[in-house]
1. Give me Rg over Rh for region 169-217, both radii from the alpha carbons and Rh done the Kirkwood way, two decimal places.
2. Which of K66/K127; K168/K197; K197/K334; K232/K334; K25/K168 have a Cα-Cα distance over 24 Å?
3. About the Cα centre of region 162-225, what is the dipole size in debye to 20, counting +1 per Lys and Arg Cβ and -1 per Asp and Glu Cβ, all else neutral?
4. Using the Karplus curve 6.51 cos²θ - 1.76 cosθ + 1.60 with θ = phi - 60°, what ³J(HN,Hα) values do you get for each residue of region 20-26, in whole Hz, with x for Gly and Pro?
5. List the residues whose amide H sits under 5 Å from the amide H of S247, counting only those 5 or more places along or on another chain, with H placed 1.01 Å from N in the peptide plane.
6. Let me know the volume per residue of the alpha-carbon convex hull for region 56-192, in Å³.
7. Given R₀ = 30 Å, FRET efficiency for Q171-H369 by Cβ-Cβ distance, to 0.05?
8. Got a sec to turn the phi values of region 225-232 into Karplus ³J(HN,Hα) couplings, 6.51 cos²θ - 1.76 cosθ + 1.60 with θ = phi - 60°, whole Hz, x for Gly and Pro?
Amino acid sequence: MTLCKVVDGQIPSWISTQFSLEELKITDSNLVGEIPSWLQDMRLRSINLTRNHLQGYLFLNSSAWKAIEVVDMSNNALSGQIPPIWPSHIQWLLLNDNWLTGNIPPSIQVNSLLQVLNLANNHLNGKIPSSIANFSSLQILNLGNNNLGGMIPSEFGELSQLQSLVLKNNQLSGAFSPSISNCTKLLFLDIGQNLLKGQIPKSIGNLLHLQELAMRKNNFEGSIPTEIGQLKHLQILDLSSNHLSGSIPQNIFNLQAMLIESKEGFIMVQKYPFLSKNYPSFDVVMTIMYEDGLNMNSKGRDEHYPYIFSTMESIDLSNNQLSGNIPSELGKLKGLMLLNLSMNNLNGTIPNSIVQMSRLESLDLSTNHFSGQIPWGLGSLSYLQVLNLSNNNLSGRIPQGGHMTTFANSSYEGNPSLWGCPLRKNCSWPDFAPAPPSIYAPSNEEEEIEESLWYWIGVGLSYGVGFGVVLLSIVLRKKWGEKYFDGVDMVLKYLFPWLHNLTI
């Protein structure tokens, strides 16, 4: 028996009389108060109380809830510590977005059935216990947005079924354990916004199914491993705000998943059929594997993308110490939506192939040492909404037309030899400007000259026709007489009055 209800106030006590009840779902309501203790005595198979206002301490009574498989009490105001003993048959445990405190129990009772553990967005502290690696069936682990410290347990490499690992926005330190590369089924790996250091291990290339790799805002150093270019399913790469140096590996701009121009649906729909199959009455959000969304830096500020679709493709290598130029292979990434290479030491020209990236929405190349002209066809990118080329050594005229006219002065400032609108100065052709681009594109001044030329051609033809009519009228009058050509005089009077006077 399944009960789906929308109620206000406290959890109704009459539910305790429903002895055949297996699934209880009261979500997105205004439930308040504590979770009643009599719920522990029911032989529930799943309980979903997410997105309410429940308070008090959390209970996970292993002796009473012998049949429980799914517990979702996320997005409430539950407090206290996580109990060390959990129900033996539990498969999903979602306690994220509460007020839980203290440590994650270091000796959690081993449960080989647990598939999903989400403790994100709480106030947990201490170290991540290595005993979590004993959950041999674990597929989704999210401990992000807490105050956890210490190192990432090397034992995590034993989680052979793990497909999503999110540890972002904690106080984790030390080197990134190469053992994580043994989790070859990983699709999502986010360890951003921590205190991790050292080099990114080359073994990261073993994660052949990886679709998102986020290591932003750490202290990683050294070069970007070329092995990342082997990740043919990678759609989101974020290594921003570290201390990475050297050139960008050329094969980064040949990632196969980013060569595709369009896809449909969520990334994870086909990868996780169990999310909706095992519990058909349980409204499962398909983004559970990475429901916190994605942060990316654009134009110097963090932008949050709350959902990750299969169409989301981005590269963010900003705020590092990368050098060298951008290879022309960049243009092959026709599916890329966001590209941020700002705040590095990159040089050379912006490759013309960039105009082939038809789905590009945000391009930030600011604060580098790029030189030469802006590719003339950049305005043809119909999806481009954010452009920042400021603080470089670009020169020549800013291309006009298309989306280029919609960007503000700040998109181009800090390039002393760059000119043209919308820069506040040098909207006309300056003395220091080089020859116009090789690809012809008429300016406003050229258009005005062309319009003026056609105007005077029209005036000349008009006068020529008028004089021709006058001469013809004089000749015919002398030959056939005045009366016969009164009609001609009438036409001249109204169309060419000044010519009519000449024929009188």
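1. Working: Rg = 10.5 Å, Rh = 11.2 Å.
Reported Rg/Rh (Cα atoms, Kirkwood Rh): 0.94.
2. Violating the 24 Å Cα-Cα cut-off are K66/K127; K197/K334; K25/K168.
3. Details: 6 positive and 3 negative charges, 9 e Å.
So the magnitude is around 40 debye.
4. Here the 3J(HN,Hα) series is 8, 5, 10, 10, 10, 9, 10 Hz.
5. S323
6. In region 56-192, the Cα hull volume divided by residue count equals 89 Å³.
7. Details: r = 35 Å, r/R0 = 1.17.
Calculated transfer efficiency: 0.30.
8. x, 5, 5, 4, x, 7, 7, 5
A short reminder: the numbers here are calculations on the coordinates, not readings from a lab. Just so it is clear, the structure is predicted and the values come from calculations on it, not from any experiment. Don't worry about glycine lacking a Cβ; one is built from the backbone with ideal geometry, like all the others, and counts go over all protein chains shown.
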